[in-house]
Amino acid sequence: MTATPLDLVTGADLRRAMGCWATGIAVITTSDGGTLAGLVSNSFTSISLDPPLVSWAVDKSSSSFATWINTDNYAVHILSESRRDLVQRFAAKGTDKFAGLDWEPGVLGSPVVAPDVPRVECRLWQRVDAGDHVILIGEVVSISGQDDFRPLTNHVYWAK
């Protein structure tokens with residue numbers, strides 16, 4: 001990677017640089033008035049312990065953007081290496097990501113699609129406009145799953 005002058009940095013440059021940063025992969029789901037939405041995210045992070053807050057960012061060009069902007073809850077499934085199958089399903093565009101998938105509603109109604117991985121369920125706390133994304137900050141209302149697992153990271157997923 002070569003140095004790029006400040007005024008010449010492109011989105012592609014940033015994507016390439018951030019691809020070097022190992023992050024976990026999560027599937028985030030919601031239900032808003034019966035409309036289901038789900039996507040793959042590696043922007044998930046904790047931001048506060050008191051109150052317990054987490055955040056992630058949704059692309060404004062997402063086909064489910066309107067659902068994410070209207071929902072008041074979401075569930076974050078922290079994927080393990082054994083659940084890599086969910087990445088392609090929830091990264092696909094223009095498909096019913098929930099077709100043929102067994103799921104159940106979580107404590108706030110968001111679809112639980114992988115009960116065998118760590119999961120945090122959140123009530124929306126705040127939305128923050130951030131360029132071509134919106135950051136959704138959620139108050140954690142429920143935590144479940146296992147402590148002993150091998151997390152799926154972007155480096156593990158894309159290397160195979």
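The values are calculated or read from the model by the stated rules, or taken from the named source; none is laboratory data. Keep in mind it's a predicted model, so treat the numbers as computed, not measured. Positions of Cβ are backbone-derived with ideal geometry, glycine not excepted, and every protein chain shown enters the neighbour counts. SASA here: full protein model, heavy atoms, side chains in, ligands and nucleic acids out. Shrake-Rupley method; radii C 1.70, N 1.55, O 1.52, S 1.80 Å.
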For this session: Report the residue count in segment 69-114 for those that are touching a Gly at 6+ places or on another chain (Cβ under 8 Å) and either assigned to a loop (DSSP other than H, G, I, E, B) or among the polar types (S, T, N, Q) (or both).
Result: 6
Exercise. Which one of the conditions (1) open to solvent by less than 60 Å² (accessible area, probe 1.4 Å); (2) at pLDDT 95 or above does residue 129 fail to meet, given that it meets all the rest?
Worked result: (1)
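Collect the residues in segment 14-63 that are open to solvent by 70 Å² or more (accessible area, probe 1.4 Å), part of a loop (DSSP other than H, G, I, E, B) and not hydroxyl-bearing (Ser, Thr, Tyr), keeping them in residue-number order.
20, 21, 33, 42, 50, 60
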Exercise. Looking at 34, 100, 94, which is the one that is out of contact with any strand residue (DSSP E or B) (no Cβ under 8 Å at 6 or more places or on another chain), free of Cβ contacts under 8 Å to residues at least 12 places away in the same chain, under 23 Å from residue 134 (Cα atoms) and not polar (S, T, N, Q)?
Worked result: 34
Problem set entry | Among residues of segment 37-83, those that are within 15 Å of residue 141 (Cα to Cα) and either aromatic (Phe, Trp, Tyr) or without any contact (Cβ under 8 Å) to a residue 24 or more places away in the chain (or both), counted | 5
Exercise. Restricting attention to segment 103-130, and to residues there that are in contact with a helix residue (DSSP H, G or I) (Cβ under 9 Å, 6 or more places away or on another chain) and in contact (Cβ under 8 Å) with a residue 60 or more places away in the chain, which single residue is nearest to residue 31 (Cα to Cα)?
Worked result: 113
Seminar exercise, completed: Going through segment 64-107 in order, the residues found to be within 22 Å of residue 53 (Cα to Cα), among the hydrophobic types (A, V, I, L, M, F, W, C) and open to solvent by 60 Å² or more (accessible area, probe 1.4 Å) are 107
